[in-house]
Amino acid sequence: MSELLARLQGDLNSARKSQDKPGTLLLSTVLSEIKNKKIELKREPVDAEVIDVLRKSIKRRKESVEMYTKGGRQDLADKETAEATALEKYLPAQVGDAELRAAVKAAIAGGATQIGAVMGKVLPQFKGRADGSAINAIAREELSKQG
């Protein structure tokens with residue numbers, strides 16, 4: 001069992017013992033998503049795959065926040081925000097913009113002149129530690145300086 005999966009399971013047990021209903025529901029949901037991933041992979045997921053499931057879960061909640069806010073349901077938006085924040089504590093530390101910019105510049109210096117080529121070189125270096133949209137924004141900015 002991956003270290004992160006064990007931590008999530010332990011936190012679920014703690015939430016149940018302390019009768020933390022929202023925490024129990026959130027962790028149960030995420031653990032069932034991880035279980036589905038395990039079935040899909042036909043093996044135990046490694047930490048990187050567990051992180052991937054967490055990222056997708058956080059992304060879904062952030063998209064829900066946008067929809068609830070537009071629909072005037074601040075109560076539901078707050079609930080989704082709290083859940084996303086609770087899940088983010090399980091992710092590895094994020095990489096700073098300066099480090100991302102350096103990697104993008106290196107990729108451009110290495111001959112990547114199109115956004116796809118830059119993303120192809122930079123994204124794998126920061127898998128699970130940086131948001132793709134942040135890398136994309138920096139890549140577009142740096143490529144525009146080249147032209």
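The values are calculated or read from the model by the stated rules, or taken from the named source; none is laboratory data. Note that the structure is predicted; figures quoted are calculated from it, not measured. Note that each Cβ is placed from the backbone with ideal geometry, even for glycine, and that neighbours are counted across all protein chains shown.
Just one of the listed residues (GLU49, GLU44, GLU40, GLU3) is loosely packed, with under 12 Cβ neighbours inside 10 Å, at pLDDT below 90 and not polar (S, T, N, Q), and it is GLU3.
When residues in the stretch 22-37 are screened for being surrounded by 14 or more Cβ atoms within 10 Å (Cβ to Cβ), over 21 Å from ARG129 (Cβ atoms) and not polar (S, T, N, Q), 4 of them pass.
Selection of the stretch 122-138 for residues being at pLDDT below 85, of a type outside the set (S, T, N, Q) and either surrounded by 13 or more Cβ atoms within 10 Å (Cβ to Cβ) or in contact with a Phe, Trp or Tyr (Cβ under 8 Å, 6 or more places away or on another chain) (or both) yields VAL122, LEU123, PHE126, GLY128, ARG129, ALA130, ASP131, GLY132, ALA134, ILE135.
For the stretch 33-138, the helices (runs of 4 or more DSSP H) that sit wholly inside it and include 2 or more residues that are within 21 Å of ALA6 (Cβ to Cβ) are 47-70, 74-88.
For the stretch 4-32, the set of residues classified as charged (D, E, K, R) and part of a helix (DSSP H, G or I) consists of ARG7, ASP11, ARG16, LYS17, LYS21, listed by residue number. Residue pairs whose Cβ atoms lie under 6 Å apart, separated by 6 or more positions or on different chains, with the first residue in the stretch 4-33 and farther than 16 Å from LEU91 by Cα and the second polar (S, T, N, Q) and in a helix (DSSP H, G or I), are ALA15/THR24; ARG16/THR24.
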